[in-house]
1. Considering amide H positions built from the backbone, and no H for Pro or chain starts, which residues 5 or more places from Tyr299, or on another chain, come under 5 Å of its amide H?
2. What is the Cα centroid distance between the range 33-59 and the range 319-343, reported in whole angstrom?
3. On average, how much accessible surface per residue is there in the range 1-87, in Å², for a 1.4 Å probe, leaving out ligands, DNA and RNA?
4. Once Cα extents along the principal axes in Å is worked out from the coordinates, which option in (1) 59, 55, 39; (2) 61, 45, 38; (3) 69, 42, 39 does it equal?
5. How much accessible surface area, in Å² rounded to 10, belongs to the heavy atoms of Lys2 with a 1.4 Å probe?
6. How high is the relative contact order of the range 221-357? Use alpha-carbon pairs under 8 Å, at least six apart in sequence, and give a whole percent.
7. Under unit Cβ charges (Lys, Arg +1; Asp, Glu -1), what dipole magnitude, rounded to 20 debye, does the range 161-216 have relative to its Cα centre?
8. How large a share of the accessible area of the chain, in percent, is made up of carbon and sulfur atoms when the probe is 1.4 Å and the other protein chains stay in place?
Amino acid sequence: MKIGFFTDSYFPEIDGVTYTIKLWREELERRGHEVYVVYPDGDYEPGDREFPVPSLPNPFYAGYRIPLFRRPSTLPELDVVHCHGPASIGLLGRYYARKHDLPTIYTHHTPLEEYFHQNVKFESIATGLSKLYVPLETAFLRSFDIITASTGRIERDVEHIQLPVGIDMEFFQPTDEDWYPDRTVIGYSGRLSMEKNVHEILRVAKELPEYEFVIVGDGPYRGRLERNAPDNVELRGFLPREELPVFYSSIDTFVTASTADTLGLSTLEANACGTPVVAADVAPFDQTIGSENGERFAYDDLEAMTDSIEKALRTDRDTRAAVRKYDVHRTLENLEYLYRDVQASADEIPTASEDRWFSGDSQH
C-alpha cells in the first residue's frame, strides 16, 4: 500500500509529531508498505520518498515554518492520504485526496488553540482567535473518513477512534549504563516552550536543593530558563535519539508540568525505561499516569508537586509493565486495519465506541 503522510511538523524540528511520523513510517515500511512524507522544507536534506514544500520562517513560533504550496501533480500516486495537522500541508493532503478520490485519515496531535493563549500577548485577542479557530478545524476534520486521537483529549465535535501513537518498547527499555550512579536526579526531556511550563520545574528545584535536576531539550524559552535556573539545575540541548534510553534509565524520576500534551510520549518512554513519572493532574496524564507508573499533582501547587516527587522517589513500581499497552506494534496493527477498512468501504467506518479498539484498556 502507498501511504502519504502530510505533516507540518518534520525534521530538522524535533517534537513528538516528528518522531511519531518517523516511527510509524519505519514500522509500516517493515510491514511492506511504501510511506511518502510531504512536509515544509527547511535545513534538512530530503531522503527517499520525502517531498518538501516551499515554506517561510514562522515569525510566531520559532523553529517551525509556514508552508506555501506544491502542485499535487508533483507528488507520487498514493492509495491512502493520512494527514497529521490542519495547517497548509494538511490542506494540501486533503486537496490531493479529493482530486484523486482517495480515502483519508486524520490524526489529531495538538490542540492548536492553546498556543494562541500562550503566544498572543492580549488574552482577549487569543480568546477571539480560539473561538474562530476551533469551529474551522472541526469542519476540516469532518471532511475525513477516519479521525484518530491518542486519548479522549481531542475537544472537537467529531467522531474519532482512540489510537495512541505508541512508543517503541524495543528501543526504550532499561539500560545497564547509568550516567548518575551516585546522585539522585530528577529529569525532563522535551521542547522548551511556554506550553510545556518548564519554569515550574525550576520552581520545584529550588524547593528540593538536595536533588539535582537535568533538563534535556531546546526551544524558544531556553534562554529565559537558563537565566532563572537555580544551581541544582543543568540544562542540556536535545540528546541524540540513541542516548535517550540511557538518560531515562539513569534518572530517578521524570517530571513534567505540561498542560498541552495529547499523550506525552516522553513520559511513556521514561516509564518504558523503568522510571516513574510525576505529572500535572490534567489531560492526558489523568489517563496515562497513575499509581502503577507515577504520581500526579495539582497544577500550580508547588507543595503538591514537591510531595509527588518525594513519593515517586521512595516508591517501587513496575512502570514498564504499566505502559505495554502503548507499544507501537499494537498501534500499527490497528492502523493497518484502518487503512484496509477505509480502502474497502467508506460507508462502514468504525467509531470510537467499538470495543475492538484497545479492548480491555481502561482508558478506552
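The values are calculated or read from the model by the stated rules, or taken from the named source; none is laboratory data. Here the structure is a predicted model, which means the values were calculated and not measured. Neighbour counts run over all protein chains shown; Cβ positions are idealised from the backbone, glycine included. We work out accessible area using only protein heavy atoms, side chains counted, and drop any ligands, DNA or RNA first. Shrake-Rupley method; radii C 1.70, N 1.55, O 1.52, S 1.80 Å.
1. Asp281
2. Distance between centres, Cα-based: 26 Å.
3. In whole numbers, the range 1-87 has 45 Å² accessible per residue.
4. Comparing each candidate, only (2) matches the computed number.
5. 80
6. 18
7. That gives the range 161-216 a dipole magnitude of about 420 debye.
8. Here it works out to 47 percent.
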